[in-house]
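The values are calculated or read from the model by the stated rules, or taken from the named source; none is laboratory data. Remember, it's a predicted structure, so these values are computed and weren't measured experimentally. Every residue, glycine among them, receives a Cβ derived from its backbone with ideal geometry; neighbour counts consider all protein chains shown. These area figures cover heavy atoms from the full protein model, side chains too; ligands, DNA and RNA do not enter into them. Shrake-Rupley method; radii C 1.70, N 1.55, O 1.52, S 1.80 Å.
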Amino acid sequence: MITGMLPRLCAAVLAAGLLAGCERRSDLADPPVDLGPFDLGLNIVVADNAEKVPISRDATPEEWESALTRAVEDRFGRYDGARFYNIGINVDGYALAPPGIPLVVTPQSVLVITASIWDDERQQRLSGPGKQFTIFESVSGETVIGSGLTRSKREQMDALAYNAAKAIETWFLENPQWFGEGIPVPDPPGERSTAAAAVPPPPGPAAPEPATPAPAPAPAAVPVPAAAPAPAPAPAGPAVPQPALAPGDAALPALPGGALYPETP
């Protein structure tokens, strides 16, 4: 519920006869205005909490949701861009001029809505908390004496819904940055976009190659000691004289050192 909505609606109803614009022909048969890659995604209207001024025809939430959903589809369904945008509308309050003879002023119908827009691909709300619109009936020969006398409730609601969708389209035109190609969106913390990950970082200056260490000096040769000279052979001892043998005697065997032993018979 919007705080202070009823007093504002009552004031709007009293002033509507002076502030309402002139009746204009429908522009839905004209080519749509340029909204870049816009294509209508979700079309959501909520009217459960709409407030009604005391002097007003009754309208159910379902009737408002049907009228506004149809008006948004008629206007934004003409676009065929490459990116979906979701439109959300909340009905804050309304006043549908009742039939009867006005006593002081000619009452007019009024609708108060809050609209929002989302980029469907990025799951990003573009409009912040949304924008509130106060929508009046257009002045014509039928409404100058009070639309309650000349229009049915359905006709009043359709006229207000048409003007509401037109006001939202004008709001979009005032914010072309919402429909530009390549709008940067920060990545969630700790994540990198696929495109950023695919682009290698620019090459930096080449690092100097490490110097090749000089070879270590070969160890000094260890001198090998010369082989010791072989010992000289011991000099031979003096020859032991052999006794002369008598004729017919056998020679005695010689033992080491030149000793002689008698031969065993």
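Every residue, every condition in (1) of a type in the set (A, V, I, L, M, F, W, C); (2) modelled with pLDDT under 95; (3) open to solvent by less than 40 Å² (accessible area, probe 1.4 Å); (4) part of a loop (DSSP other than H, G, I, E, B), yes or no:
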residue: LEU35; (1), (2), (3), (4): yes, no, yes, yes
residue: ILE55; (1), (2), (3), (4): yes, yes, no, yes
residue: GLY88; (1), (2), (3), (4): no, no, yes, no
residue: GLY93; (1), (2), (3), (4): no, no, yes, no
residue: PRO99; (1), (2), (3), (4): no, yes, no, yes
Pairs with Cβ under 7 Å, 6+ apart, first in region 84-99 and closer than 21 Å to GLY180 by Cβ, second modelled with pLDDT under 95 and open to solvent by 10 Å² or more (accessible area, probe 1.4 Å): PHE84/GLU121
Qualifying residue in region 63-80 (condition: over 30 Å from PHE179 (Cα atoms) and either open to solvent by 20 Å² or more (accessible area, probe 1.4 Å) or not in a helix (DSSP H, G or I) (or both)): yes
Leading residue by the ranking (modelled with the lowest pLDDT) among those in region 1-33 that are of a type in the set (Asp, Glu) and open to solvent by 50 Å² or more (accessible area, probe 1.4 Å): GLU23
